[in-house]
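For reference, the structure discussed in these notes is given below.
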Amino acid sequence: MRKAPDPVPPKPRLKGRVIRAGEGVVQRSSGMHRNAIIVTDAAKAAGLTIEVIEFPDITRTAVEAAEAVGVPVGAIVKSLVFAVGESSKGEGEVVVALISGDNQLDERKLAAAAGARKAWRIDADAVREATGFAVGGISPFGYPKPLRMFFDPYLLNYQSVWAAAGTPKHNFRSVPADLAAATGAMITPLAKERS
């Protein structure tokens, strides 16, 4: 059984610059990436106010993001894009699993939560087509069409979590329960058991 994270994580030591400021007003300056604008607009439409931080270094992996933000890897939200269906040889429904950065996705749990027999990875081109974002910068929202979302409850152990904001250099912080609500995700166990 995994030990839950400390209830009060250390204060992040941010190494980036805020590119959103004011009372819900997004600064649409030349310094803001268009994907970050899409993400902030989608968050606002879902009732979630976020502040996007642009980091000088790439935060493509959970470890890189945790180092840049200054939080435990578990406080990083991985947005994993999979297909679910009856067979991995056919076409499936594209879904998104939101899981802690220090956990691995159990594909069987995702398939069961989605009411399917199988879950499988899709290639980078299919990920971009479904989400509008490249692997390493996939946000939990802002997709061209709605996708079913699944949220691992382990993330709820943190006071705040960090997720990609559409690029490998842009991230935002959220209260986990607020993030789950804004995405409309089903909260269900998704992580592989550790031995």
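Per-atom-type breakdown for region 71-195 gives carbon and sulfur 49% of the accessible area (1.4 Å probe, protein chains only). Solvent-accessible surface of region 118-170, averaged per residue with a 1.4 angstrom probe and all protein chains in place: 43 square angstrom. In this calculation the C-beta distance from LEU156 to ARG34 is compared with R0 = 25 Å, giving a FRET efficiency of 0.20. Using the Karplus relation 6.51 cos²θ - 1.76 cosθ + 1.60 with θ = phi - 60°, the per-residue 3J(HN,Hα) values for region 140-146 come to x, 7, x, 7, x, 9, x Hz, with x marking Gly and Pro. When the alpha-carbon atoms of region 35-86 are used, the pair Rg, Dmax equals 13.7, 42 angstrom.
The values are calculated or read from the model by the stated rules, or taken from the named source; none is laboratory data. Values in this document were obtained by computation on a predicted structure and should not be read as measured data. Quick reminder, even Gly has a Cβ in these numbers, built from the backbone with ideal geometry, and neighbours come from all protein chains shown. In case anyone asks, the SASA skips ligands and DNA or RNA and just uses the protein heavy atoms, side chains included. Shrake-Rupley method; radii C 1.70, N 1.55, O 1.52, S 1.80 Å.
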